[in-house]
C-alpha cells in the first residue's frame with residue numbers, strides 16, 4: 001500500500017463505507033451505487049489517481065481502485081458471483097498483478113457483480129494501513 005497519508009485515509013474511509021454491505025441473492029452490487037462520488041464533503045482527500053491516458057494526477061478518492069480491485073479478486077473466488085462490469089486501469093498499478101485490477105471512476109467506470117449464489121452475502125472490507133482485505137460471507 002502507498003505511504004501517502006491522503007491515500008491511506010481514503011482507503012480507510014472507503015473500507016468503512018463498504019464493510020458490512022449486504023447483497024441479496026439475485027441483486028447486483030455496484031461499487032458506486034454504494035459509495036456515490038468521492039468528494040471533499042464526504043471526507044475524501046486528494047491523492048494520486050490515473051487519468052484515462054494512464055497519467056498520474058491528484059483527485060478525490062485516490063485509493064478507491066485498490067479496494068475495488070481487492071474486492072474483484074474476492075468475487076472471482078466465490079462460485080456464482082458473476083462480474084457484470086469491470087475495467088482495467090489505463091496503466092500499470094503496483095498493488096496487484098496485471099489483469100487482476102478493477103478501475104473505478106464515478107460516472108465513468110464501475111465495478112459490478114450479480115449475486116447468483118442462492119444466498120444473501122455480506123461484504124467485509126478492511127485495512128490495517130499496509131494491506132487491504134476483502135471477504136465475502138454467506139449470511140443465510
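Before moving on, here are some points about what is shown:
- For volume of the Cα convex hull per residue in Å³, calculated from these coordinates, the label among [x] 96; [y] 126; [z] 105: [x]
- The angle between the Cα long axis of helix 5-18 and the main principal axis of the chain comes to about 20°, on a 0 to 90 degree scale.
- Helix axis angle, 64-76 relative to the chain longest principal axis, alpha carbon, degrees: 30 degrees
- Pairwise label distance in nanometres, residue 137 with residue 122, each label 7 Å out on the Cα-Cβ vector: 0.4 nm
- At full extension, residue 56 and residue 25 could sit 7.4 nm farther apart than now, given 0.36 nm per residue minus the alpha carbon distance.
- The chain - mean residue ellipticity at 222 nm from DSSP helices (-39,500 (n - 2.57) per run, n ≥ 4, rounded to 500): -7000 deg cm²/dmol
A short reminder: the numbers here are calculations on the coordinates, not readings from a lab. No experiment lies behind these values; they were computed from the predicted model shown. Here Cβ is always computed from backbone atoms with ideal geometry, including for glycine, and neighbour counts include all displayed protein chains.
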